[in-house]
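Chemist: Mind looking over this structure? Questions follow.
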Amino acid sequence: MRLTYTSEVEAFRAEFSAWLDANLPDPASTTVRPRSSGDIPAWAREYQRRMFDDGWLVPGYPPEFGGRNASLYEQAVYWEELGRRRVTQSFNPQGLGIVSASIITFGTEEQKHRWAVPIMRAERTAALGMSEPGAGSDLAGLSTRAVLDGDRFIVNGQKVWTSGAHHADVLLAFVRTDPDVPKHKGISALIIETDTPGLERRPFQDITARQPDFNEVFFDDVEVPAENLVGELNDGWRVCTGSLAHEREMLWILWSQGLDQMLDAMLSQLNDGAGAGAADDPVVLDGLGSSIMDSWSLRLLGQRQLARSQRGLHVADQSLLKLLGSEAQQKLALLMLESLGPAALDRTVPPGAQSPYESDRSALSWADRYWFTFAGTISGGTSEIHRNIIAERVLGQPRG
Amino acid sequence: MEFEFTEDQLELQRAVRDILDAEAPPELARAVADGQKDAADFWQTLVGLEWPAMALPEEADGLGYGWVELAIVLEESGRHAAPGPFMSTVTQFAPLIAEAAGPGQAAELLAPVAAGQTTGTIAVDEGAGTWDPAEVSATGRRSGDDLVLEGTKHYVLDGATADEIAVAVRIEGELRVVLVPGSSVQAVEGIPVDPGVRHATITLDGVRVPAVRLLGDGDASDAIRRALEESVTAVAAVTLGACQRIFDIINAYAKERIQFGVPIGSFQAVKHKLANMYRDIERARVLVYYAALTLAEDHPDRTLAASMAKAAAGEAQRRCVQDGLQLAGGIGYTWEHDLHLFLRRAKVGELHFGSASQHRRKVARLALQSSAA
């Protein structure tokens, strides 16, 4: 056990830091903003492509796929540097982190180069079609149907909560290809171009009333080439849980950084007199102390998971980290609202809430921030589902 | 950073656990709780194993283990609700001697501790329950070659049985630490919540000790604060261990206890309580280990880290004691079930050396200060 990284890992950090110094776009060039998580402005496309070409987009991948075969600790300091500078890895995070990652893991060589590489190089953007009106926590109960007809699938059904779909070029959609077997065994993963006839996208606003990111996606006899199947037919659940694993592997770093940004903002606003003396209120101090402990424990638990992965040990704390991170953000937002009192009634975004290299979606008033934390406790498995997972898979309790 | 135990540390953890499984089974804690036994034999066993010497520096005939290793031992000690003066002697008395005495004096005073000949404790708090050196009002005045002490100290761990007590007093305007033989003070014990963790109120009025028993030179406020960071981290580690034991008992019980024809652990209401206990324990665990690591490396975060560890252990005990006892149902409410032995150890951990709330507020103030800087 030790507090510092090795000198090799620090050298890696220094190299990436120097690259960022040399390659981050001039803030003046970043005025065109992404409209959703499926939209990347031209300046950011160019920047993401440079990250890919120089092996800094996904450092753990080989150079062919935008990386440099970095170790887990090197990947961790990569995220630390991005977080410290408040630079987002991609404005199409689900495209890079889940869709292209799933294709790299489960796709054919041809699919990797045809679909994953253009998404990683920000030439195209992607969205993820998972949840349906009738399949949320029970994701495997999805019913969007795909019937193989010669060299194509015919897709009918509906997805919902499909972030960024209205601006995305492709979807990775999970569909039912065999309705006559247990639900986990009849699912397949398909890449579907969003301009295919019969596919309709209807964006809708979330509770924070900003530019819409969510979509309903309707499929009405949508024809998809059979070659767009990712993984084996009816083996889509493996792709799905694999893609969630991609999402969760380093996700704690994003929870941790999100929480730290909220905490930094709260500390500086309280020091500046926000909440009319809240910084001297013992109740506020008590809650603030607990949030600071959440932040540290999240980082330390993530580091422990990293150390265990590095040793090749099974890691089982993804649900714990997600639960802790999402609920900690909610707890902190609620505390800040209560500390501010009536001053929180104004939804004006505080200055300095956003860096030019982050999505505008991170710039929120405290009231909207509080609503937004429910995206954390509901999406990617609700807190209740993660408590079940912890009890069953970590603590060995019987399934109910 | 590499935030996991090394192979040697894991091996130590296994060894300590095996020893305590054999030497401090629940029957020992129960015999102490029933007043049928004291901790003397168990302490002699630990002395035989050189545990008092473990974390002491080699200059004082110690074995020179680091703080992470000590935290491993303390956690296991809490997990077994082990009785005796290990915590007071090794995590309170020894650090205060090391911080407040000059190097030569410290080695001389700690050598008998390492040899298991002397037990010790500290007397800082005067009833506020904050252990804040700034609130000390007990005094000492010089009288010839002696010091004469006045005042009353509260919540002195093992205060009625320790051989030596390191007492914080004000002398000529400075905060100082004076070593007082346990036999020279009047000590009164109440009825302890956990009979394995005994506190006393000690009255110093008129106690006279030779001036050579004054430790170090100059004001000892910082020395006391630094030593208390070790003591607070130790309490947190013991509390963590007690919480882990409560959790182990309840997690196993939920798999075995059949109601409505199924194990109660299959009910979501039970699962969610267990998941919350696990979350709070793991949160406390990493903060305790982090505090130990900052002490081991004398890192500037040690003040913050000690308070975070104590507060997180306090929050974990609140969850584990509350939900653990609730989930155990009627059987946990009996004297004959072992659960209460660990509930007591966990609860005591919260109530001394600053509550979770006190430490949370301290954490918040430190963070506000560092954000403003």
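The values are calculated or read from the model by the stated rules, or taken from the named source; none is laboratory data. A quick note: this is a predicted structure, and the numbers were derived from the prediction, not measured. As a convention, Cβ positions derive from the backbone with ideal geometry for all residues, glycine included, and neighbour counts pool all protein chains shown. These accessible areas exclude ligands, DNA and RNA; they are computed on the full protein's heavy atoms, side chains included. Shrake-Rupley method; radii C 1.70, N 1.55, O 1.52, S 1.80 Å.
Chemist: Here's a check for you: in the range B:332-370, which residue that is of a type outside the set (D, E, K, R) and assigned to a loop (DSSP other than H, G, I, E, B) is nearest to the other protein chains (Cβ to nearest Cβ)? Working first, answer last.
Modeler: In the first step, residues of the range B:332-370 are kept if they are of a type outside the set (D, E, K, R); the result is B:332-335, B:337, B:339-343, B:346, B:348-349, B:351-359, B:363-364, B:366-370.
Now drop any that are not assigned to a loop (DSSP other than H, G, I, E, B), which leaves B:334-335, B:337, B:352-355.
Details: B:Thr334: 24, B:Trp335: 28, B:His337: 21, B:His352: 19, B:Phe353: 16, B:Gly354: 12, B:Ser355: 10 Å.
That would be B:Ser355.
Chemist: Does the range A:328-335 contain any residue that is more than 14 Å from every other protein chain (Cβ to nearest Cβ), of a type outside the set (S, T, N, Q), assigned to a loop (DSSP other than H, G, I, E, B) and open to solvent by 40 Å² or more (accessible area, probe 1.4 Å)?
Modeler: Within the range A:328-335, not a single residue is more than 14 Å from every other protein chain (Cβ to nearest Cβ), of a type outside the set (S, T, N, Q), assigned to a loop (DSSP other than H, G, I, E, B) and open to solvent by 40 Å² or more (accessible area, probe 1.4 Å).
Chemist: Could you tell me whether any residue of the range A:354-365 is modelled with pLDDT under 95, over 30 Å from A:Ser29 (Cα atoms) and part of a helix (DSSP H, G or I)?
Modeler: There is no residue in the range A:354-365 that is modelled with pLDDT under 95, over 30 Å from A:Ser29 (Cα atoms) and part of a helix (DSSP H, G or I).
Chemist: Further question on the same structure: Of the residues A:Asp317, A:Asp260, which single one is in contact with a helix residue (DSSP H, G or I) (Cβ under 8 Å, 6 or more places away or on another chain), among the charged types (D, E, K, R) and open to solvent by less than 30 Å² (accessible area, probe 1.4 Å)?
Modeler: Testing whether each residue is in contact with a helix residue (DSSP H, G or I) (Cβ under 8 Å, 6 or more places away or on another chain), among the charged types (D, E, K, R) and open to solvent by less than 30 Å² (accessible area, probe 1.4 Å) leaves just A:Asp317.
Chemist: Give the residue that is farthest from the chain's Cα centre (by Cα), with candidates limited to residues of the range A:313-325 that are more than 8 Å from chain B (Cβ to nearest Cβ) and assigned to a loop (DSSP other than H, G, I, E, B).
Modeler: Residue satisfying both the conditions and the ranking: A:Leu313.
Chemist: Where residues in the range A:366-393 are within 14 Å of another protein chain (Cβ to nearest Cβ) and assigned to a loop (DSSP other than H, G, I, E, B), which of them is modelled with the highest pLDDT?
Modeler: Here is the first cut: in the range A:366-393, the ones within 14 Å of another protein chain (Cβ to nearest Cβ) are A:377, A:381-393.
Keeping just the survivors that are assigned to a loop (DSSP other than H, G, I, E, B) gives A:381-382.
On the way: A:Gly381: 91, A:Thr382: 95.
Per the stated criteria, the residue is A:Thr382.
Chemist: It is to be established whether one or more residues within the range B:281-297 are within 12 Å of another protein chain (Cβ to nearest Cβ), of a type in the set (Ser, Thr, Tyr), assigned to a helix (DSSP H, G or I) and surrounded by fewer than 21 Cβ atoms within 10 Å (Cβ to Cβ).
Modeler: No, the range B:281-297 has no match at all.
Chemist: Here is a list: A:Leu313, A:Leu335. Which entry is at pLDDT 95 or above and either assigned by TED's automatic domain parsing to the domain that holds A:Gln269 or farther than 21 Å from A:Arg35 by Cα (or both)? Lay out the reasoning, then the answer.
Modeler: Values: A:Leu313 fails: at pLDDT 95 or above.
The match here is A:Leu335.
Chemist: I'd like to check something: does the range B:248-266 contain any residue that is within 18 Å of A:Arg304 (Cβ to Cβ), at pLDDT 95 or above, assigned by TED's automatic domain parsing to the domain that holds B:Ile331 and not polar (S, T, N, Q)?
Modeler: no
Chemist: Something else about it: Report yes if B:Ala98 is closer than 30 Å to B:Ser357 by Cβ, in contact (Cβ under 8 Å) with a residue 12 or more places away in the chain, open to solvent by 30 Å² or more (accessible area, probe 1.4 Å) and touching a Pro at 6+ places or on another chain (Cβ under 8 Å), otherwise no. It would help to see each step written out before you state the result.
Modeler: Numbers: closer than 30 Å to B:Ser357 by Cβ: yes; in contact (Cβ under 8 Å) with a residue 12 or more places away in the chain: yes; open to solvent by 30 Å² or more (accessible area, probe 1.4 Å): yes; touching a Pro at 6+ places or on another chain (Cβ under 8 Å): yes.
Here the answer is yes, as B:Ala98 does meet what is asked.
Chemist: Restricting attention to the range A:158-194, which residues are of a type in the set (Phe, Trp, Tyr) and open to solvent by 10 Å² or more (accessible area, probe 1.4 Å)? Quick ask: steps written out before the conclusion?
Modeler: So the first thing to find is which residues in the range A:158-194 are of a type in the set (Phe, Trp, Tyr), and the list is A:161, A:174.
Listed by number, the list holds a single entry, A:Trp161.
Chemist: What are the pairs with Cβ atoms under 7 angstrom where one residue, in the range B:267-278, is more than 7 Å from chain A (Cβ to nearest Cβ) and the other, located anywhere, is in a helix (DSSP H, G or I) and open to solvent by 40 Å² or more (accessible area, probe 1.4 Å)? Sequence gap at least six, or different chains.
Modeler: B:Asn276/B:Arg319; B:Met277/B:Arg319
Chemist: Go through the range A:196-312 and tell me which helices (runs of 4 or more DSSP H), entirely inside it, have 2 or more residues that are at the interface with chain B (Cβ under 9 Å from one of its Cβ atoms) and farther than 20 Å from A:Leu128 by Cβ.
Modeler: A:251-271, A:282-310
One line per residue, one yes/no per condition, for (1) assigned to a strand (DSSP E or B); (2) closer than 17 Å to A:Asn234 by Cβ; (3) over 17 Å from the mean Cα position of the chain (by Cα):
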{"residue": "A:Gly97", "(1), (2), (3)": "no, no, no"}
{"residue": "A:Ser100", "(1), (2), (3)": "no, no, no"}
{"residue": "A:Pro118", "(1), (2), (3)": "no, no, yes"}
{"residue": "A:Ala127", "(1), (2), (3)": "yes, no, no"}
{"residue": "A:Ser137", "(1), (2), (3)": "no, no, yes"}
{"residue": "A:Lys159", "(1), (2), (3)": "yes, no, yes"}
{"residue": "A:Val181", "(1), (2), (3)": "no, yes, yes"}
{"residue": "A:Ile191", "(1), (2), (3)": "yes, yes, yes"}
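Chemist: Of the numbered conditions (1) farther than 30 Å from A:Gln211 by Cβ; (2) part of a helix (DSSP H, G or I); (3) of a type outside the set (Phe, Trp, Tyr), A:Gly55 fails exactly one; give the number of that condition.
Modeler: Of everything listed in (1) farther than 30 Å from A:Gln211 by Cβ; (2) part of a helix (DSSP H, G or I); (3) of a type outside the set (Phe, Trp, Tyr), A:Gly55 misses just condition (2).
Chemist: A further question follows. Report, ordered by the first and then the second residue, all pairs with beta carbons closer than 8 Å, sequence separation of six or more or different chains, a first member in the range A:42-70 that is buried (at least 20 other Cβ atoms within 10 Å of the Cβ), and a second member that is among the acidic types (Asp, Glu).
Modeler: A:Pro59/A:Glu74; A:Gly66/A:Asp53
Chemist: Scan A:Val222, A:Val284 and give me the residue that is among the β-branched types (Val, Ile, Thr), open to solvent by less than 60 Å² (accessible area, probe 1.4 Å) and in the same structural domain as A:Leu142 (by TED's automatic domain parsing).
Modeler: Details: A:Val284 fails: in the same structural domain as A:Leu142 (by TED's automatic domain parsing).
Just a single option satisfies the conditions, and that option is A:Val222.
Chemist: Could you list, in sequence order, the residues of the range B:246-269 that are touching a Pro at 6+ places or on another chain (Cβ under 9 Å) and not acidic (Asp, Glu)?
Modeler: B:Ala254, B:Lys255, B:Arg257, B:Val262, B:Pro263, B:Gly265, B:Ser266 - these are the residues of the range B:246-269 that are touching a Pro at 6+ places or on another chain (Cβ under 9 Å) and not acidic (Asp, Glu).
Chemist: Those residues that are of a type outside the set (A, V, I, L, M, F, W, C), out of contact with any strand residue (DSSP E or B) (no Cβ under 9 Å at 6 or more places or on another chain), assigned to a helix (DSSP H, G or I) and more than 7 Å from chain A (Cβ to nearest Cβ), I need them from the range B:249-266; list them, please.
Modeler: B:Tyr253
Chemist: While we're on this one: Any residue in the range A:156-169 that is touching a residue at least 12 places away in the same chain (Cβ under 8 Å) sitting within a Cβ distance under 7 Å of a residue that is open to solvent by 30 Å² or more (accessible area, probe 1.4 Å) and among the polar types (S, T, N, Q)? List the pairs, counting only those 6 or more apart or interchain.
Modeler: From the range A:156-169, the pairs are A:Gly157/A:Ser143; A:Lys159/A:Ser131; A:Val160/A:Ser131; A:Trp161/A:Ser131.
Chemist: Still on this structure, I have one more. Would it be correct to say that B:Asp163 is more than 17 Å from B:Val124 (Cα to Cα), at pLDDT 95 or above and either assigned by TED's automatic domain parsing to the domain that holds B:Pro103 or among the charged types (D, E, K, R) (or both)?
Modeler: It is false that B:Asp163 is more than 17 Å from B:Val124 (Cα to Cα), at pLDDT 95 or above and either assigned by TED's automatic domain parsing to the domain that holds B:Pro103 or among the charged types (D, E, K, R) (or both).
Chemist: Name the single residue, out of those in the range A:1-41 being within 14 Å of chain B (Cβ to nearest Cβ) and crowded, with 17+ Cβ neighbours inside 10 Å, that is farthest from A:Ala70 (Cα to Cα).
Modeler: First pass over the range A:1-41, keeping only residues within 14 Å of chain B (Cβ to nearest Cβ): A:1-10, A:13.
Those left that are additionally crowded, with 17+ Cβ neighbours inside 10 Å: A:1, A:5, A:9, A:13.
Values: A:Met1: 22, A:Tyr5: 14, A:Val9: 10, A:Arg13: 11 Å.
It comes out as A:Met1.
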